[in-house]
Ligand code: JFZ
């Protein structure tokens, strides 16, 4: 057991989270017996994520367990795994110690169904990884499926083998707690425990797991999916889900490189390294961590395609890592069409996806800029810029004279030395191209005269569960260039990554500056969202609005009637686009 003295060491939440906040980028590893069937069972391709094959194909426990006798990943090399993560710029590694299938990838006295006792391989891969992680300075973390266990009559969710009657507490006491104790005792300091799919775990049960982790390793972080309503140390978004905006507090997006977590031989739908790099920056600019998955195969190798993508991301990180590690969310709440912003004390970093040909204008930044340069430029040559303030309009504008060619086609970083904490204007500003961007997250949402909160935190960044048509959104914004504007009402797809869905046909009313129109939400244009990959943006063209003189205006979006369906109105933003 752990000596009392160690167990009682007290630590503040900020201290506990510090390494994780600095890290920003980690490797997820889904590795278990499911890598042997690799998405195929008895010659048939099984749809869905690879590590769910046991449930998707309703494989009886007795048959599935036979896989252990074949598991012999002789090409596994702990050094290479950790080096792949490190070379990509990742600072931590979270490996499935036990996934829903119930098989332990470590030596366990609590269950002989583990890699040391039940396979010809016979070696503890977790131990090898622990040693390498400690050697190479990468934090080792464990994923542990605390509720679902398809191998155990008392674990949750195997209803094809086991009777409905279960003693879940017995499973927690006899498998989960002893295994967590092993994981937190035998492998040195553990960065975090990633619990998952809590299902019906009770508050007391979840609390007892949290207490156990705290007792054994007070510094160990507890992830978002512990369940039972128990406060985790940070939140997890839905899988692959990138929010549309800054989320306060600590959070992480767990994401795949193709469409599965556990290895599937026929899944070659790899995300381009470009998208992954941009997602990394975008997630950091919203204040989150990116936990990016690889699924090693039955020989013990990380797929070549994954290694290649990660090494490209690593090339970018070697030049630009400064804008990611230890960074905080953008001082602006919203995404920009050209990219996004991260910050550190005295610095702002503009991550530019789409390099402008004629320089970049930032609207509404009040901070004094001392110097601007490209992060990729070792000489840090100063880039010319001009900050102006329009008194009558109370508006700050920064014009940066960027070179005409992007230093990096994927994502160029412009660094700015700034004076003091960055401050931005409260009012929404018209962008240099004349567009006014009204994101849901910046709206005041009201139900009658009561303020209500809509969430824009999951999947494609559209409103979650907006099914109450009596909620209205209002924005206040400045128009500098009078004229007629077209409106685009943007919603987002939602649902699972495998089959995103969308719901239209809502009737809404838009009013501004004494004008109003009603419009039906239809899919006029579907636009790939590189920030959320699976869930596209859907543009619905609304009516036109006239703003006849420069000034401050308000616009209200009021649902008239929602169509039938469970997604509701997945509203994301409105664009006002100058009509020429
Ligand atoms: C879970 C697992 O079932 C899956 O196998 C994988 O390990 C993944 C990382 O986590 O799946 C989930 C859990 C939660 C959500 C989506 C998939 N969610 O909250 O959107």
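Quick note: the coordinates plus some simple rules give every number you see, no bench work behind them. In this text the structure is predicted, and so the values were computed from the model without any measurement. A quick note on method: Cβ atoms are made from the backbone with ideal geometry, for glycine too, and the neighbour counts reach across all protein chains shown.
In percent, what relative contact order does region 1-122 have, based on Cα pairs under 8 Å that are 6 or more apart in sequence? With pairs under 8 Å counted, the relative contact order is 29 percent.
Can you tell me the orientation of helix 125-136 relative to the chain, as the angle in degrees between its alpha-carbon axis and the longest Cα principal axis, to the nearest 10? Tilt relative to the chain: about 50 degrees.
The order of 64, 144, going from fewest to most other C-beta atoms within 10 Å of their C-beta, is 144, 64. Over region 436-578, Cα pairs under 8 Å with separation of 6+ residues give a relative contact order of 38 percent.
Computed from the Cβ-Cβ distance with R0 of 56 Å, the FRET efficiency linking residue 357 to residue 134 stands at 0.70. When Rg and Dmax are taken over the Cα atoms of region 174-276, they come to 16.1, 46 Å. Each residue in 141, 429 was given a count of other beta-carbon atoms within 10 angstrom of its own, and listing them fewest first yields 429, 141.
Both radii are taken from the alpha-carbon atoms of region 436-578; with Rh as the Kirkwood radius, Rg/Rh is 0.96. Each principal axis of the Cα atoms in region 122-214 has its own extent, and those three values, largest first, are 46, 31, 19 angstrom.
Could you list log10 I(q)/I(0) for region 339-426 at q = 0.18, 0.24 Å⁻¹, which the Debye formula gives when each Cα is one point scatterer? Computed log10 I(q)/I(0) values: -0.77, -1.33.
At q = 0.12 Å⁻¹, what is the log10 ratio I(q)/I(0) for region 197-345, with the Debye formula run over Cα points and no solvent? Summing over Cα pairs of region 197-345 leads to -0.64.
The angle between the Cα long axis of helix 304-320 and the main principal axis of the chain comes to about 50°, on a 0 to 90 degree scale.
The fraction of all Cα pairs in region 1-109 landing in successive 10 Å bins from 0 to the largest distance is 11, 30, 29, 20, 9, 1, given as whole percents. Between residue 387 and residue 305, the FRET efficiency estimated from the beta carbon spacing at R0 = 45 angstrom works out to 0.50. Our estimate of slack between residue 370 and residue 486, defined as 0.36 nm per intervening residue step minus the Cα-Cα distance, is 38.0 nm.
Taking the 0 to 90 degree range and rounding to the nearest ten, how far is the long axis of helix 13-23 tilted relative to the main principal axis of the chain, both from C-alpha atoms? Result, in degrees: 80. For 488, 433, the sequence from fewest to most other C-beta atoms within 10 Å is 433, 488.
Averaging the Cα positions of each part gives two centres, and for region 106-135 and region 11-46 these lie 17 Å apart. Counted over the chain, the DSSP beta bridges are approximately 75% antiparallel. Contact order, relative form, for region 339-426: 43 percent (alpha carbon pairs under 8 Å, 6 or more residues apart, mean separation divided by residue count).
Among rounded, prolate and oblate, which fits region 198-238 when a ≥ b ≥ c are the square roots of the eigenvalues of its C-alpha gyration tensor, a/c under 1.5 means rounded, and a/b larger than b/c means prolate? Oblate.
Distance between the C-alpha centres of region 316-380 and region 508-578: 29 Å, rounded to the whole angstrom.
Distance from the alpha carbon centroid of region 143-190 to that of region 432-450 works out to 46 angstrom. Taking packing as the residue-averaged number of other Cβ atoms within 10 angstrom, the listed peptides 215-228, 496-509 run from highest to lowest as 215-228, 496-509. The convex hull defined by the C-alpha atoms of region 276-318 has an orientation-averaged projected area of 3.3 nm². Taking label points 7 Å from Cα along the Cα-to-Cβ direction, residue 401 and residue 453 give a separation of 4.6 nm.
Normalising by residue count, the chain has a Cα convex hull of 169 Å³ per residue.
Is any residue of region 199-230 close enough, with backbone N under 18 Å, to a label point placed 7 angstrom from the Cα of residue 167 along the Cα-Cβ axis, and if so, which? Backbone N within reach: 202, 205.
In region 3-319, the alpha-carbon atoms span a convex hull of 129 Å³ per residue.
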